[in-house]
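Read through the structure below, which is laid out as structure tokens, and then see the notes.
Derivation of every value follows stated rules applied to the coordinates shown; laboratory data play no part. Note that this is a predicted model, so its numbers are computed, not measured. All Cβ positions, glycine included, derive from the backbone under ideal geometry; neighbour counts span all protein chains shown.
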Amino acid sequence: MSKTIALNPIGRVACHGDESAIEVMPEFADALEGVEDQEYLWVLFWMHQLSPENRRRLRTHPMGDRSRTRRGVFALHSPCRPNPIGMTRVRLLSRGGNRLTVADLDALDGSPVLDIKSG
């Protein structure tokens with residue numbers, strides 16, 4: 001089994017209050033054809049600000065609540081994980097060229113976007 005996988009971002013997140021934009025790189029603009037017909041999208045992104053320490057953490061308290069028993073990160077929605085890939089379902093508000101305006105994006109400003117899927 002290969003130990004290395006190369007991922008190349010297809011875009012970046014730009015946060016603007018309750019709404020966010022996904023700026024898709026121009027070379028991937030054709031992949032957006034028909035996306036405006038979707039009400040919801042799944043966005044996979046790289047949690048670029050997660051520390052190396054948190055990437056090594058394999059167990060953590062659910063929701064950060066220390067009164068709860070620690071569980072494995074694969075059993076939680078925790079951002080702490082070996083490969084900090086985030087996934088969130090967003091509501092598509094509009095498309096303008098290679099820019100998607102969305103609601104409910106659970107990513108930080110500047111997060112690299114890895115993929116977008118209909119949802």
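Some observations on this one:
- Added length on full extension, which subtracts the Cα-Cα distance from 0.36 nm per residue, residue 99 to residue 27: 24.7 nm
- Charging the Cβ of each Asp and Glu at -1 and of each Lys and Arg at +1, and nothing else, the dipole of the chain about its Cα centre rounds to 1120 debye.
- Think of the chain as having a plus end and a minus end, set by charges on the Cβ of Lys, Arg, Asp and Glu; of 52, 26, 15, 52 sits farthest toward the positive end of this dipole.
- Taking the number of Cβ atoms within 10 Å of each Cβ as an exposure proxy, the fewest-first ranking of 15, 80 is 15, 80.
- Secondary-structure-derived ellipticity at 222 nm for the chain, considering helices only, amounts to -1000 deg cm²/dmol, per-run term -39500 (n - 2.57) for DSSP H runs with n ≥ 4.
- Pair-distance distribution P(r) for the chain, from all Cα-Cα distances in 10 Å bins starting at 0: 13, 40, 29, 16, 2 percent.
- Among 87, 47, 25, the residue with the largest mean-square fluctuation in a Gaussian network model of the chain, with springs joining Cα atoms closer than 10 Å, is 25.
- As a proxy for reagent exposure, ranking 85, 10, 116 by other Cβ atoms within 10 Å from fewest up yields 85, 10, 116.
- Cβ-derived FRET efficiency at R0 22 Å, residue 40 paired with residue 18, nearest 0.05: 0.85
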